[in-house]
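The values are calculated or read from the model by the stated rules, or taken from the named source; none is laboratory data. What you are looking at is a predicted structure, and each value in this text was computed from that prediction instead of being measured. In this analysis, Cβ positions are derived from the backbone assuming ideal geometry, glycine residues included, and neighbour counts consider all displayed protein chains.
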Amino acid sequence: MGQSAAWAAYRARIDALRRELVALPSGVPVRLRKPARTSNLFRTRGADHTALDAGGLSGVLSIDVEARTADVLGMTTYEDLVAATLPKGLIPLVVPQLKTITLGGAVTGLGIEASSFRNGCPHESVLEMDILTGDGRIVTATPDGEHADLFFGFTNSYGTLGYALRIRIELEPVTPYVHLRHIRFADVEACATAISDICATGQWRGEQVDFLDGVWFNLTEVYLCLGSYSQAAPHTSDYTGQQIYYRSVQRLQEDWLTIHDYLWRWDTDWFWCSRAFGAQNPRIRRLWPRRWRRSDVYWKLVALERRYGVKARLDARHGKPAEEPVIQDVEIPLSRTAEFISFLDDRTGIEPVWLCPLRQRDPRVRWPLYDLDPATTYVNVGFWSTAPLPPGEQDGFHNRAIELKVRELGGRKSLYSTSFYPEVEFWDTYGGGTYESLKKAYDADGRLLDLYAKTVQGR
């Protein structure tokens, strides 16, 4: 399909979607009906009583190589987006680590990756958006246009103000390869000092750093993974087969990957979470089809366990304590990261833990529903496991303690997973005053759920 035809089809589809929204009965929460493979939520959702079909909102409308921009439909996965841009030598400024995260999901939620120390989050490279608002309008939001309030307030709204139909984003040029260096530190404090230096200079020991993340294994073993664009490579590693990427961090001081494999290095084993399914056992791995070594397959297995509770019943039968899912990403100020890691280790014993530095790209801008200090370097701490519950305690015992600690340290928590905030605390943390104004301006009748109801109450 040519570009003009693609744009015409897009305009027809969004007009039909708008009419569909207007025609839906009032008084019932409206949701998007999305393809199952695009969901990366780890919190309960209410039943889809009334749903809009977003199935036709996937694909790349156009790529402007000279301007380094792309117009992308909101339900497009990053896997499909990268497949379209990479042959042109370009990628989005931030590519979230899992293939089935959608562009719209990353912009209305949150996305972080190893380029975030220099490029911020995905929403910071958005130039404009077409948004279907809760009151049935289709508006084009830009940083300096009529709907600038919605443009800046859309991040962390999770589809409660409207749905991103089309997003124009910036792209950056890439090289064929990424050179990796794995630097070990004896503690988080030393690692934090190195992060500060790299963020200030963009270099480590004379070599430019284009990507920066890390892995905490225990209190005496933490690594930074430094990635640098490279035109050539003496060899390349393959972590889609028997080898496992995160183990290479401990084993190799340097490595090379193709840019494609680097972008999706975490997806094959869902970071390290594939071990819960036996997929890291060499015998099982040989039998596990390569096409099934990807995050959306593991996510479906988790969904089945949540639905049927087979493991929980077996654990109870064998007298093991109940476990609480602790699946969270939090942003902690760099200066307080060691304190948080120590707390998390004492509280849950979860390991490994992902570390990904983050700095806001433009310090002049504020994103009111996820308001980070533009002058502060943060570290995204990602931990995805379970923790034993003391006798008599229920889900929320660990997660609520984490929420309180994050707040105490001046951080923020992503809302893609289970939350336990009291309502007053929630709105104080996530821009309640601004959100209320936006809700009145773009969804005055409350056709869409509000943010607290959706992300905490699970409605």
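Conditions tested, residue by residue: (1) assigned by TED's automatic domain parsing to the domain that holds residue 213; (2) part of a helix (DSSP H, G or I); (3) surrounded by fewer than 20 Cβ atoms within 10 Å (Cβ to Cβ).
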| site | (1), (2), (3) |
| --- | --- |
| 271 | no, no, no |
| 280 | no, no, yes |
| 291 | no, yes, yes |
| 303 | no, yes, yes |
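Considering (1) crowded, with 17+ Cβ neighbours inside 10 Å; (2) assigned to a helix (DSSP H, G or I); (3) under 22 Å from the mean Cα position of the chain (by Cα), the lone condition that residue 453 does not fulfil carries the number (1).
Out of curiosity, is residue 88 among the basic types (Lys, Arg) and over 18 Å from the mean Cα position of the chain (by Cα)?
On the way: among the basic types (Lys, Arg): yes; over 18 Å from the mean Cα position of the chain (by Cα): yes.
When the stated conditions are applied, residue 88 passes them.
Only one of the listed residues (195, 259) is farther than 24 Å from residue 294 by Cβ and touching a Pro at 6+ places or on another chain (Cβ under 8 Å). That residue is 195. Sort out which residues of the stretch 202-252 are farther than 25 Å from residue 96 by Cβ and touching a residue at least 24 places away in the same chain (Cβ under 8 Å), and write them in order of number. Those that are farther than 25 Å from residue 96 by Cβ and touching a residue at least 24 places away in the same chain (Cβ under 8 Å): 207, 218, 219, 220, 221, 231, 232, 242.
Kindly indicate whether any position in the stretch 183-206 is surrounded by fewer than 16 Cβ atoms within 10 Å (Cβ to Cβ), more than 19 Å from residue 337 (Cα to Cα), touching a strand residue (DSSP E or B) at 6+ places or on another chain (Cβ under 6 Å) and of a type in the set (D, E, K, R). No, the stretch 183-206 contains no residue that is surrounded by fewer than 16 Cβ atoms within 10 Å (Cβ to Cβ), more than 19 Å from residue 337 (Cα to Cα), touching a strand residue (DSSP E or B) at 6+ places or on another chain (Cβ under 6 Å) and of a type in the set (D, E, K, R).
When residue 139 is tested against (1) assigned to a strand (DSSP E or B); (2) buried (at least 24 other Cβ atoms within 10 Å of the Cβ), only condition (2) is not met.
Looking at the stretch 111-125, can you tell me whether even one residue there is buried (at least 17 other Cβ atoms within 10 Å of the Cβ) and over 30 Å from residue 71 (Cβ atoms)? No, because not a single residue in the stretch 111-125 is buried (at least 17 other Cβ atoms within 10 Å of the Cβ) and over 30 Å from residue 71 (Cβ atoms). Contact map, the stretch 163-184: first residue outside the structural domain of residue 126 (by TED's automatic domain parsing) and assigned to a strand (DSSP E or B), second residue buried (at least 24 other Cβ atoms within 10 Å of the Cβ) and at pLDDT below 95, Cβ cut-off under 7 Å, separation 6 or more or different chains; the map is empty.
Return yes or no: is residue 299 hydrophobic (A, V, I, L, M, F, W, C) and modelled with pLDDT under 95? Considered against the rule, which asks whether it is hydrophobic (A, V, I, L, M, F, W, C) and modelled with pLDDT under 95, residue 299 comes out as yes.
For residue 424, indicate whether it is hydrophobic (A, V, I, L, M, F, W, C), without any contact (Cβ under 8 Å) to a residue 60 or more places away in the chain and surrounded by fewer than 17 Cβ atoms within 10 Å (Cβ to Cβ).
Values: hydrophobic (A, V, I, L, M, F, W, C): yes; without any contact (Cβ under 8 Å) to a residue 60 or more places away in the chain: yes; surrounded by fewer than 17 Cβ atoms within 10 Å (Cβ to Cβ): yes.
When the stated conditions are applied, residue 424 passes them.
With the condition kept exactly as written, say whether any residue in the stretch 209-231 is in contact with a strand residue (DSSP E or B) (Cβ under 6 Å, 6 or more places away or on another chain), among the acidic types (Asp, Glu) and modelled with pLDDT of 95 or more.
yes
Contact annotation: no residue pair with Cβ atoms under 8 Å, 6 or more positions apart or on different chains, pairs a residue in the stretch 140-161 that is in the same structural domain as residue 367 (by TED's automatic domain parsing) and at positive phi with a partner that is at pLDDT below 95 and of a type in the set (D, E, K, R). Checked against (1) assigned to a strand (DSSP E or B); (2) in contact with a His (Cβ under 8 Å, 6 or more places away or on another chain), residue 155 meets all criteria but (1).
So which of 401, 444 ends up being in the same structural domain as residue 359 (by TED's automatic domain parsing) and either part of a strand (DSSP E or B) or on the phi < 0 side of the Ramachandran plot (or both)? Step through it out loud before you land on a result.
Values: 444 fails: in the same structural domain as residue 359 (by TED's automatic domain parsing).
Being in the same structural domain as residue 359 (by TED's automatic domain parsing) and either part of a strand (DSSP E or B) or on the phi < 0 side of the Ramachandran plot (or both) holds for just one of 401, 444, which is 401.
May I ask you to verify whether residue 337 is part of a helix (DSSP H, G or I) and at pLDDT 95 or above? Break it down into steps so the answer makes sense when it comes.
Working: part of a helix (DSSP H, G or I): yes; at pLDDT 95 or above: yes.
Here the answer is yes, as residue 337 does meet what is asked.
With respect to residue 406, determine if the residue is within 24 Å of residue 347 (Cβ to Cβ), aliphatic (A, V, I, L, M) and either surrounded by fewer than 18 Cβ atoms within 10 Å (Cβ to Cβ) or not assigned by TED's automatic domain parsing to the domain that holds residue 144 (or both). The answer is yes for residue 406.
If I filter the stretch 354-381 down to residues being outside any helix (DSSP H, G or I) and in contact with a Leu (Cβ under 7 Å, 6 or more places away or on another chain), which single residue comes out as nearest to residue 144 (Cα to Cα)?
Going residue by residue through the stretch 354-381, those that are outside any helix (DSSP H, G or I) are 354-367, 371-381.
Pick out the ones that are also in contact with a Leu (Cβ under 7 Å, 6 or more places away or on another chain) and you get 357, 360, 377-381.
Working: 357: 29, 360: 19, 377: 26, 378: 27, 379: 30, 380: 29, 381: 33 Å.
Going through the qualifying residues, I end up with 360.
Picking from residues in the stretch 147-179 that are surrounded by 22 or more Cβ atoms within 10 Å (Cβ to Cβ) and among the polar types (S, T, N, Q), the one that is farthest from the chain's Cα centre (by Cα) is 160. State whether one or more residues within the stretch 72-90 are in contact with a His (Cβ under 6 Å, 6 or more places away or on another chain), among the aliphatic types (A, V, I, L, M), surrounded by 23 or more Cβ atoms within 10 Å (Cβ to Cβ) and at pLDDT 95 or above. No; the residues of the stretch 72-90 include none that is in contact with a His (Cβ under 6 Å, 6 or more places away or on another chain), among the aliphatic types (A, V, I, L, M), surrounded by 23 or more Cβ atoms within 10 Å (Cβ to Cβ) and at pLDDT 95 or above.
Looking at the stretch 246-255, is at least one residue in contact with a Ser or Thr (Cβ under 7 Å, 6 or more places away or on another chain), modelled with pLDDT of 95 or more and buried (at least 18 other Cβ atoms within 10 Å of the Cβ)? Yes.
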